[in-house]
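Everything below concerns the one structure shown next.
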Amino acid sequence: MKMKKYIAPSINEAMKQVRAELGEDAVIIHSKAVVKKRFFGLVRQKNFEVLAGIDEMGHQGTAFSEPINYRTIIPVRTETEKNDHVSDLKEEIAGLKELLQSMKQESVQSSLPEEMKPFVDYLKRQDLNDELIADICNELAAYAQTSSKIQKQEMSDIAKKILKVKLQSLLIGGLSFKKKYVCVLGPTGVGKTTTIAKMAARSVLEAKKKIGFITTDTYRIAAIDQLKTYANLLQAPVEIVYNFQDYLEAIKKLAHYDLVFIDTAGRNYKETKFVNELKRLISFDDKVESYLVLSLTAKEKDIESIIEQFHEFPIEKFIFTKMDETNSIGPMYNLMMKYNKGLAYYTTGQEVPEDIEEASVEKLLELLFQGEWK
């Protein structure tokens, strides 16, 4: 039997190729949909692959003697396959948008005066995303048309103006003190316990609040000991919670305190069982203010994955740690805007309570441009 593979953008086109080359007696042996990546993997093009054959000894096939039943050629998609197809389409659209945005940005940047380009390079080194850089470049290009020369301060002022508009729509600032319970969430290694200690110390020293602690991190003895050390310094009680009944008992014991900080365990919340476990352990009601702690030393894509893990929890604001350990803070702005979440605090070291700053729009605008560009 003579066999040949055909690839075409549609099943009908593939059939035409089979008929044209092998004739009406060809037999369809196998068919499937295939995806080919283009444009550096950003865009994926779907084609159909058909393996057809013909008996050269004269034994005729019957593939085309009757109307083709395409359901036998391409299996009916299951619900999961349909969802995967929708996901693929969304990915393709996102890839196209990213590609177009990048092309637009490159076009605008190429038209900027030479003295502006080091500033744009600085924004890239800060890992600010393409969309924000494109918005800033558009404003810089508009300014360049009305001025023969632009100063460094004017460039940063233009960028700050763009960022300010976007940041003002977000909730920026520290504890509101409107809710009694402060729940701090996050993965292992981001510094949740140290961050809680800093927030608690400021609440005692600056806001004169009477505080207590609840910890659900019973998986690491060191975490409990660390929290107890901070609690002793602040003369605050610590309640250890293993189940929801323990949690209710802890709430009763700490009923007469102004503010109660809840430290949670860092787990892999991609696994549903850990999400459900935390939901069963803590009552995320309207008396609880929840914060998600994230490390700026992690890759932006990894941070996005972490944020997705916590999408089922009522996160009020982000807290970013380890700012002192990174040279680029652009991801902080990118993530706030992508997920429409404000910022409560950012930390700059291990000292308690010194190395924590309450966020404000003004501080965030200044932070991005503390570095130098030539």
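The values are calculated or read from the model by the stated rules, or taken from the named source; none is laboratory data. On a predicted model such as this, the values are computed, not experimentally measured, just so you know. Neighbour counts run over all protein chains shown; Cβ positions are idealised from the backbone, glycine included. Surface accessibility is based on the protein's heavy atoms, side chains included, excluding ligands, DNA and RNA. Shrake-Rupley method; radii C 1.70, N 1.55, O 1.52, S 1.80 Å.
Taking the range 314-348, which residues are open to solvent by less than 10 Å² (accessible area, probe 1.4 Å) and of a type outside the set (S, T, N, Q)?
If the condition is that a residue be open to solvent by less than 10 Å² (accessible area, probe 1.4 Å) and of a type outside the set (S, T, N, Q), then PHE318, ILE319, PHE320, GLY330, MET332, TYR333, LEU335, MET336, GLY342, LEU343, ALA344 are the ones that fit.
Do we have any residue at all in the range 220-233 that's part of a loop (DSSP other than H, G, I, E, B) and either modelled with pLDDT of 90 or more or over 30 Å from the mean Cα position of the chain (by Cα) (or both)?
No, every residue in the range 220-233 fails to be part of a loop (DSSP other than H, G, I, E, B) and either modelled with pLDDT of 90 or more or over 30 Å from the mean Cα position of the chain (by Cα) (or both).
Of the conditions (1) within 20 Å of GLN168 (Cβ to Cβ); (2) free of Cβ contacts under 8 Å to residues at least 60 places away in the same chain; (3) more than 14 Å from the chain's Cα centre (by Cα), TYR339 clears all except one; give me its number.
Among (1) within 20 Å of GLN168 (Cβ to Cβ); (2) free of Cβ contacts under 8 Å to residues at least 60 places away in the same chain; (3) more than 14 Å from the chain's Cα centre (by Cα), the lone unmet condition for TYR339 is (3).
Search the range 1-12 for residues being more than 8 Å from PHE48 (Cβ to Cβ) and touching a residue at least 24 places away in the same chain (Cβ under 8 Å), and hand back the single one that is least open to solvent (accessible area, probe 1.4 Å).
TYR6
Looking at (1) more than 19 Å from ALA200 (Cβ to Cβ); (2) of a type outside the set (A, V, I, L, M, F, W, C); (3) open to solvent by less than 80 Å² (accessible area, probe 1.4 Å), which one does GLY212 not meet, given that it meets all the others?
The single condition GLY212 does not satisfy is (1).
Given the residues ALA255, ALA207, ALA200, which is the only one that is open to solvent by 10 Å² or more (accessible area, probe 1.4 Å), among the hydrophobic types (A, V, I, L, M, F, W, C) and either more than 24 Å from PHE318 (Cα to Cα) or touching a helix residue (DSSP H, G or I) at 6+ places or on another chain (Cβ under 8 Å) (or both)?
Going through ALA255, ALA207, ALA200 in turn, the sole match is ALA255.
Does the range 128-145 include one or more residues that are more than 19 Å from ALA359 (Cα to Cα) and in a loop (DSSP other than H, G, I, E, B)?
Yes - at least one qualifying residue is present in the range 128-145.
Select from the range 182-197 the residues that are of a type in the set (Ser, Thr, Tyr) and open to solvent by less than 20 Å² (accessible area, probe 1.4 Å) and list them in ascending order.
Once the filter is applied, which keeps residues that are of a type in the set (Ser, Thr, Tyr) and open to solvent by less than 20 Å² (accessible area, probe 1.4 Å), the range 182-197 yields THR193, THR194, THR195.
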